[in-house]
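The values are calculated or read from the model by the stated rules, or taken from the named source; none is laboratory data. Being a predicted model, the structure only gives us computed values, none of them experimental. Heads up, the Cβs are rebuilt from the backbone with ideal geometry, glycines too, and the neighbour counts pull from every protein chain shown. For accessibility, only protein heavy atoms count, side chains too; no ligands or nucleic acids. Shrake-Rupley method; radii C 1.70, N 1.55, O 1.52, S 1.80 Å.
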Amino acid sequence: LNDRNAELNRLNNDLLNLVEGVATPIVMLGRDLRIRRFTPAAASLLGLIPADLGRPLADLKLDLEGLPDLEPLLAEVLDKISVRQFEVRERHGRWYSLQLRTYHTQDNHIDGVVVMLVDVDVQKRAQEYAEGIIATVREPLLVLDADLRVQTASRAFYEDFQVAPEQTLQHPLSEIGNGQWNIPALLRPLADVLRDGSEFADFEVEHEFEHLGKRSMLLNARRLRQQGQKSP
């Protein structure tokens, strides 16, 4: 019994030192969605104090812009064993990715929710900077992901092809504008760009658009690489 108590004491000390040393804001909630533990970084960012232990997190007024109603989200994560993630901004303007994940015990039982805030300010500002540049480009321009879904579009694209952002963003290229960009002669070369890193310039495509009539276009495409990426 003494050995067992000593082992538990060591484990508790390890946990306390780990929590105290973590620079990431983390809040651990029990199954009742009340605060069980939090890191000093979470206390600083969210304004938590020791008296908040045992209180429902959803009842606290957290000074975060863009924060949705937490109570149903926490209940959903706990009930469906899912992960929820969205971006919030603290009072000084710094961006964080707020992540809600289930808390698992050693025998894999669900015993609460872990709330984590990951600093994404550098990435967010870089994204805003790039989107600001794209918005001012005079030519129609699209940024696509690996599945050819539209991530960003220039204002000129919306104006020239008479489509709205809600009909464009996060939609596959082949489906935007009532499918008017489902052009095999274009989709095949784009697939090649993704597959082997090739690029093309002044690639001529002629197509009949539903509301614009027949258009002849010279298209350019190249694959984007993220900073630090080594392989295609």
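Screening the candidates R10, R91 for the property of being modelled with pLDDT under 90, open to solvent by 60 Å² or more (accessible area, probe 1.4 Å), of a type in the set (D, E, K, R) and touching an Asp or Glu at 6+ places or on another chain (Cβ under 8 Å) yields one hit, R91.
Residues in the range 140-171 that are in contact with a Pro (Cβ under 8 Å, 6 or more places away or on another chain) and assigned to a helix (DSSP H, G or I): A156, F157, Y158, D160, F161.
Where in the range 1-92 are the strands (runs of 3 or more DSSP E), entirely inside, with at least 2 residues that are under 22 Å from Q123 (Cα atoms)?
Counting at least 2 such residues, we get 84-90.
To keep it simple, each residue is scored yes or no on (1) exposed (fewer than 13 other Cβ atoms within 10 Å of the Cβ); (2) touching a helix residue (DSSP H, G or I) at 6+ places or on another chain (Cβ under 7 Å).
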{"site": "D59", "(1), (2)": "yes, no"}
{"site": "D79", "(1), (2)": "yes, no"}
{"site": "R84", "(1), (2)": "no, yes"}
{"site": "Y96", "(1), (2)": "no, no"}
{"site": "L100", "(1), (2)": "no, yes"}
{"site": "Y103", "(1), (2)": "no, no"}
{"site": "D121", "(1), (2)": "no, no"}
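Pairs are defined by a Cβ separation below 8 Å, a sequence spacing of at least 6 or placement on different chains, a first member in the range 198-225 that is more than 18 Å from S174 (Cα to Cα) and at pLDDT below 85, and a second member that is open to solvent by less than 40 Å² (accessible area, probe 1.4 Å) and charged (D, E, K, R); no pair meets this definition.
In this entry, L78 is excluded by the filter for residues that are without any contact (Cβ under 8 Å) to a residue 40 or more places away in the chain and in contact with a strand residue (DSSP E or B) (Cβ under 8 Å, 6 or more places away or on another chain). When the range 40-57 is limited to residues that are surrounded by 13 or more Cβ atoms within 10 Å (Cβ to Cβ) and small (G, A, S), the one that is nearest to A23 (Cα to Cα) turns out to be A41. Within the range 135-164, residues that are in contact (Cβ under 8 Å) with a residue 60 or more places away in the chain sit with their Cβ atoms under 9 Å from residues that are assigned to a strand (DSSP E or B) and aliphatic (A, V, I, L, M), at 6+ positions apart or across chains, in these pairs: V143/V150; V143/A153. Report yes if some residue within the range 99-119 is modelled with pLDDT of 90 or more, of a type in the set (S, T, N, Q), farther than 22 Å from L212 by Cα and within 21 Å of the chain's Cα centre (by Cα); otherwise report no. Yes; the residues of the range 99-119 include at least one that is modelled with pLDDT of 90 or more, of a type in the set (S, T, N, Q), farther than 22 Å from L212 by Cα and within 21 Å of the chain's Cα centre (by Cα).
Applying a threshold of 6 Å to beta carbon distances and a minimum spacing of six or more residues, or different chains, the list of pairs starting in the range 105-129 at a residue that is closer than 16 Å to W95 by Cα and ending at one that is in a loop (DSSP other than H, G, I, E, B) and of a type outside the set (S, T, Y) reads L117/P25; D121/R94.
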